[in-house]
Amino acid sequence: MNNLFVFCELDEGRPAEVSLELLTRGRSLADTLGCRLEALVLGSGLDGIENELFPYGVDVVHLGDDPVLEHYRTMPYTSVITGLFKQEQPQIALMGATTTGRDLGPRVSSALHSGLTADCTSLEIGDHYVKKTDTTYKNLLYQIRPAFGGNIIATIINPDHRPQMATVREGVMKREIINKNYRGELRRIDVSAFIKPEDLAVEIIERHMEARKVDIKSAQIIVSGGYGVGSKENFAMLYELASLLGGEVAASRAAVDAGYAGHERQVGQTGVTVRPKLYIACGISGQIQHTAGMNQSGKIIAINNDPMAPINSIADYVINGDVAEVIPRLIKYYKANAR
Amino acid sequence: MNGIKIVVLAKQVPDTRNVGPDAMKADGTVNRSVLPAIFNPEDLNALEQALRIKESYEGVTVTLLTMGPVRAAEIIREGLYRGADDGILLTDRAFAGSDTLATSYALALAVRRLAPDLVIGGRQAIDGDTAQVGPQVAEKLGWPQVTYAEEMHFEGERLIIRRRLERGVENVSAPLPLVVTVNGTAPACRYRNAKLVMKYKYARTDTELQAESSDYIAAGRPAIKITEWGVDAIGADPEKLGLSGSPTKVKEIENVILQSKESKRLTASDGDIESLVRELLENHTIG
Ligand SMILES: Cc1cc2nc3c(=O)[nH]c(=O)nc-3n(C[C@H](O)[C@H](O)[C@H](O)COP(=O)(O)OP(=O)(O)OC[C@H]3O[C@@H](n4cnc5c(N)ncnc54)[C@H](O)[C@@H]3O)c2cc1C
Ligand SMILES: Nc1ncnc2c1ncn2[C@@H]1O[C@H](COP(=O)(O)O)[C@@H](O)[C@H]1O
């Protein structure tokens, strides 16, 4: 009872990266709380999947393996999860901020009347004192995320409702195997006990899933452009520099919104979190929602014509100048000096 | 589907996409008053989907539903100018401070009272990017939901919807009643129609009317009044609204103090850039 649950999403039949990252963070939170870490996996044809989860320190894997769950659908998944949560009464439930997690999380939270915080950038355990009633809530989940407009980091809590729910994007937490011989317990969920016929009202006609095309997460060098790059055409310089350096092109949300780059390249709180060896921020002001996704980069170069741009304060090298002048020079001198 | 009733959920939001230099106060907090209030972008995509259904069938009505301060009536007028039939403004002190769960409780009660066949909302509102309200409303109504919709049409009595997912597309078929949330990749909303602007520019809520000048009154009778509903109109339990109805609480807000690194300052000159490239090559950051 009152354990920490992670909803483990599948990616082509294997545990999704974000779910393994959440298990890793979940393990350390569970250690702090002195509770167990439990994983919840739904799908079809999942024999042996538990063995891929136990090494992350999972004490119990709840497995719902049924053809009806083969592809994610809101209603049957919600019914199984809320049913199981009503039995198990988890204190915390985490899921990935993926298209699945963001469809499912609010539905589950609404059914259980528990709070949900989207896109957390950090999760901690701590106490909360309410002066008015002189009560201290012990060991709450601090759901930490940048809030409206940037420049503020809000810590959200759910003192009175359980489970405390949060979604986190891929790449925000680090994935780490705790012990490859760790063995927990496997419990099979009787899916039919939870699913009602009307849960199957929405039918999937067809799905076209594409392989992951752009992968900025694993790039060692990232050339990232912001609104200051000025146009989609100007982004060509960034591609040229990135390909010379063996890196990838990323972008700020303002650049994505302006159509300069695709959404899959967005770095930040509501994009991808990256930790490259080198991050070159071109025409990016450096609002917190952006820096939340890149401030752990090895080295940061900021190219900006505003000497006061916030990005400069986290940069190792600040180049005060116009992107359109600086990038061609970087290209030129790289070609001249690299061998 | 002839004769169906559609409710579009729309929110007025501060335009966080155009945060100008004066948007931050000296203490590092946001100066909300300088941010323009706009129709949440994806809610415009949602409205367009509703208007397309209205055009394709007989007797379809589109009602805009928004919860917010009196000022949010602006987006109802904006919706009327583009082809919506009417609008409801949910406004009451008791709604203030609601998190997504309390918001969806109020919206779901209002939807119940309107008794539509289809509810269409945006995927997410840009002031918080939570994308929670649509699914939470659906759950409160006990209806199925289809999120991230990009295109939809009826085949018989079922809606066929194309969903845009992170890594591909999925086509689903869903019965009514239904809640759909629309993705920003769906077609943009049509522009205002000049005739509709003429027709509806004097549409006001009761509260707005009280504040109107004599010029307004002299201008004549508006085509419609925008309905205002408070807590009583939707039979809401005040305990489930506002701060008391919100499971999530803000424990603290911290201003971000960027700790300055020791950074090297360079100019765009050839000399500076060349020595930077050499330094990065020497310490194997690149190369
Ligand atoms: C809920 C929420 C979630 C968000 N999530 C994200 C997220 O995940 N990722 C993200 O990036 N943002 C996110 N944002 C947006 C974020 O707050 C900023 O608005 C955004 O990062 C700004 O992008 P930018 O730096 O490219 O644009 P701007 O802030 O417009 O900055 C442009 C910069 O370019 C400089 N510049 C202009 N012209 C030139 C030139 N010729 N040469 C050199 N420099 C030049 C300017 O001095 C300026 O510093 C989010 C916002 C909200 C409200
Ligand atoms: N106050 C509101 N009034 C009407 N619709 C809303 C409101 N808040 C959210 N919505 C709808 O729910 C969607 C998701 O909002 P959010 O969960 O805040 O990201 C929005 O795009 C709107 O369609």
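Points worth noting:
- Residue count for the stretch A:139-154 under the criterion of being open to solvent by 10 Å² or more (accessible area, probe 1.4 Å) and either at pLDDT below 95 or within 11 Å of ligand 1 (Cβ to nearest atom) (or both): the result is 8.
- Residue ID - farthest from ligand 2 (Cβ to nearest atom), chosen from residues in the stretch A:110-124 that are more than 7 Å from chain B (Cβ to nearest Cβ) and open to solvent by less than 10 Å² (accessible area, probe 1.4 Å): A:Leu123
- Residue tally, condition within 12 Å of ligand 1 (Cβ to nearest atom) and open to solvent by 60 Å² or more (accessible area, probe 1.4 Å), over the stretch A:220-261: 3
- A:Val58 away from chain B (no Cβ under 13 Å), at pLDDT 95 or above, more than 23 Å from B:Leu141 (Cα to Cα) and not in a helix (DSSP H, G or I): yes
- Applying the condition of being at the interface with another protein chain (Cβ under 7 Å from one of its Cβ atoms) and under 12 Å from B:Glu166 (Cα atoms) to the stretch A:208-222 and asking which residue is modelled with the lowest pLDDT yields A:Arg212.
- Of all residues making up the stretch B:139-157, the number that are within 13 Å of ligand 2 (Cβ to nearest atom) and more than 7 Å from every other protein chain (Cβ to nearest Cβ): 1
- On inspection, B:Leu276 qualifies as at pLDDT 95 or above and within 7 Å of chain A (Cβ to nearest Cβ).
- Residues that are surrounded by fewer than 21 Cβ atoms within 10 Å (Cβ to Cβ), at pLDDT 95 or above and more than 8 Å from chain B (Cβ to nearest Cβ) do occur in the stretch A:283-305.
- The residues listed here are B:Gly121, B:Gly134; of these, the one that is within 14 Å of chain A (Cβ to nearest Cβ), part of a strand (DSSP E or B), closer than 18 Å to B:Leu176 by Cα and within 9 Å of ligand 2 (Cβ to nearest atom) is B:Gly121.
- Residue identified as among the aromatic types (Phe, Trp, Tyr) and in contact (Cβ under 8 Å) with a residue 60 or more places away in the chain among A:Tyr137, A:Tyr182, A:Tyr142: A:Tyr182
- Residue check, B:Arg113 open to solvent by 20 Å² or more (accessible area, probe 1.4 Å) and either in a helix (DSSP H, G or I) or of a type in the set (Asp, Glu) (or both): yes
- Within the stretch B:63-110, the set of residues being part of a helix (DSSP H, G or I), among the hydrophobic types (A, V, I, L, M, F, W, C) and either more than 14 Å from every other protein chain (Cβ to nearest Cβ) or within 16 Å of ligand 1 (Cβ to nearest atom) (or both) comprises B:Val70, B:Ala72, B:Ala73, B:Ile75, B:Ile76, B:Leu80, B:Ala94, B:Phe95, B:Ala110.
- Matching residues in the stretch A:61-93 - criterion: being part of a loop (DSSP other than H, G, I, E, B) and of a type in the set (D, E, K, R): A:Asp66, A:Glu70, A:Arg73
- The test for being within 11 Å of chain B (Cβ to nearest Cβ), in a strand (DSSP E or B) and either in contact with a helix residue (DSSP H, G or I) (Cβ under 7 Å, 6 or more places away or on another chain) or more than 16 Å from ligand 2 (Cβ to nearest atom) (or both) holds for A:Ile205.
The values are calculated or read from the model by the stated rules, or taken from the named source; none is laboratory data. Not measured: the values here are computed from a predicted model. Here Cβ is always computed from backbone atoms with ideal geometry, including for glycine, and neighbour counts include all displayed protein chains. Surface areas here come from the heavy atoms of the whole protein model, side chains and all, with no ligands, DNA or RNA. Shrake-Rupley method; radii C 1.70, N 1.55, O 1.52, S 1.80 Å.
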